[in-house]
Amino acid sequence: MTEVEARAAGSGAGRRRLHPAWTIAAVTFLALVGAAAFRAVPGVLIDPLHAEFGWSVGTISGAIGLNMALFGLTAPFAAALMERFGVRQVVAAALVVVAAGSGLTVFMTAAWQLVLCWGVLVGLGAGSMALSLVATVTGRWFVSRRGLVSGVLTAGSATGQLIFLPVVAVVSEHWGWRPASLGVAAAALAVVPLVLWLLRDRPSDVGAAPYGGTSADELPRVPGGVARLALRTLGSAARVGPFWLLVGGFMICGATTMGLLQPHFVPAAHDHGMPTTTAAGLLAVVGLFDLVGTVASGWLTDRLDPRLLLLVYYVGRGISLMLLPHVWGSTPTASMLSFIIFYGLDWVATVPPTMALCRQYFGPAASVVFGWVYASHQVGAAIMAFGAGLLRDHLGSYDSAWYLGGALCLVAAGLSVGLRGPARPIPLDTP
């Protein structure tokens, strides 16, 4: 057999055999879905917890806000954990921590225990995966199809919400919030055996090369200093004006999605007489259209100015939030369904153009810079989750929260327009 024939035969065999990278991607997706199950819990369980313990919406929202803040602030450092202890060990431990945070709530009797379980345990566990896990898996295991795999894995959180939100609502309504919380814990634990069995750190661990590449394309091991890299990059980027424009816009993005609509839509709908299961179903539809909107936004980002896209997204989101107080009812109307569909399409449509702007401004350091920009997204979500709960407690409705969110979106639109395309990436002082 000639060398050319041998290469062709090997290539044909490679096509017939599933590359292990796809197995890794599938297990990673399931892990993200399992961890995202908790995202379905807070919005559905605010009212039951308030009814049983008498805790204010602001107190419960404080635990949700802490969860979101730790989720974002943990992400830039999670890569250091994966380099030090391995992806499989970190992901398995993170899922166990998420399960513990959700499961231990059935024993709580005081508000501080809610903060510990929902805020600290689940926040740290979920933050140890999420964006850092997606970046690590796609960077190590794929050379081609990175964009596709990144998009699918990023959608794991939305898929988790889509799958679990109606289930959590039904279980909570018929059997109480404790079985619902235990079900979420079981969902996270169910993925752990698969992670321990199938997830591996690098292609070389299974005698393979990254998908679409050769062994030379495998990312080198980082002997240490990953956390230092994250901090040095933050310090350098913080001296550049565009970084703060990106941070400000994305902080508002988080505030008006994960901080406002995700935890407070269901209790707000309940205030207007809509059944919890119906409101949860509408929020799940947001997750469905989120998948469509994210893919479409990525396609548009390749063809249009990302600043223009952000302008359109934020203005549209702001107007829709300001109209929301006028479309509430005890049953879904055409106006409410229109809001749900638009908000779903717009939910994380901001991510592709924001990532593109990070690449334009910061070049090779873009992934680390985006990690910090994403952390601001979660901090904004935390502040709004807590603030909207306080507004509900003191004013008796969520209307002011919707108007505030709408006004902030218009500010984000202005910040996006304020960005000016750089002639070349800005060099950062990183180790």
- Item | Net dipole in debye of the chain [+1 Lys, Arg Cβ; -1 Asp, Glu Cβ; about Cα centre; nearest 20] | 1100 debye
- Message: With a 1.4 Å probe and all protein chains kept in place, how much accessible area does residue 333 have, in Å² rounded to the nearest 10?
- Response: 60 Å²
- Message: Taking 20 °C and 1.002 mPa s as the conditions, I'd like the Stokes-Einstein D for the stretch 198-305 in µm²/s, using the Kirkwood hydrodynamic radius from alpha carbon pairs.
- Response: 113 µm²/s
- Note on the structure: accessible surface per residue for the chain, probe 1.4 Å, DNA/RNA/ligands not counted, whole Å² -> 41 Å²
- Task: Can you send over the carbon and sulfur percentage of the accessible area for the chain, probe radius 1.4 Å, protein chains only?
- Result: 68 percent
- Item | Correct choice for Rg/Rh (Cα atoms, Kirkwood Rh) that was computed from the model, options (1) 0.95; (2) 0.98; (3) 1.02 | (2)
- On Cα atoms only, tilt of 351-362 relative to the major axis of the chain in degrees: 50 degrees
- Query: Once the other residues with Cβ under 11 Å from the Cβ of residue 345 are scored (Lys, Arg +1; Asp, Glu -1), what is the net sum?
  - Reply: -1
- Query: When ranked by the protection proxy of mean other Cβ atoms within 10 Å per residue, highest first, what sequence do the peptides 379-385, 55-61 form?
  - Reply: 379-385, 55-61
- Would you mind checking which residues have amide H under 5 Å from residue 211's amide H? H placed 1.01 Å from N; only 5 or more apart, or other chain. 142, 143
- Message: How far apart, in nanometres, would the label points at residue 143 and residue 175 be if each is projected 7 angstrom from Cα along the Cα-to-Cβ direction?
- Response: 4.9 nm
- Note on the structure: Env charge @ residue 59, Cβ radius under 15 Å, K,R +1 / D,E -1, value -2
- Query: Using a ≥ b ≥ c from the Cα gyration tensor of the stretch 275-346 (square roots of the eigenvalues), is it rounded, prolate or oblate, where a/c under 1.5 gives rounded and otherwise the larger of a/b and b/c decides, a/b for prolate?
  - Reply: oblate
- Query: Got a sec? Which residues in the stretch 73-109 would a label at residue 238 touch, if it sits 7 Å along Cα→Cβ and we count backbone N under 17 Å?
  - Reply: 73-77
- the stretch 279-407, convex hull of Cα, quarter of hull surface, nm² -> 8.5 nm²
- Query: Highest mean first, what order results for 233-245, 341-353 on Cβ atoms within 10 Å?
  - Reply: 341-353, 233-245
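For 229, 133, give the ranking by accessible area with the largest first, probe 1.4 Å.
229, 133
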- If you line up the Cα atoms of the stretch 50-118 on their principal axes, what length do they span on each, largest first, in Å? 44, 22, 13
- Give the relative contact order (percent, whole number) for the chain; include only Cα pairs under 8 Å separated by 6+ residues. 25 percent
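The values are calculated or read from the model by the stated rules, or taken from the named source; none is laboratory data. Predicted model only: the values in this text are computed from it and were never measured. We place every Cβ from the backbone using ideal geometry, glycine too, and count neighbours over all the protein chains shown. We work out accessible area using only protein heavy atoms, side chains counted, and drop any ligands, DNA or RNA first. Shrake-Rupley method; radii C 1.70, N 1.55, O 1.52, S 1.80 Å.
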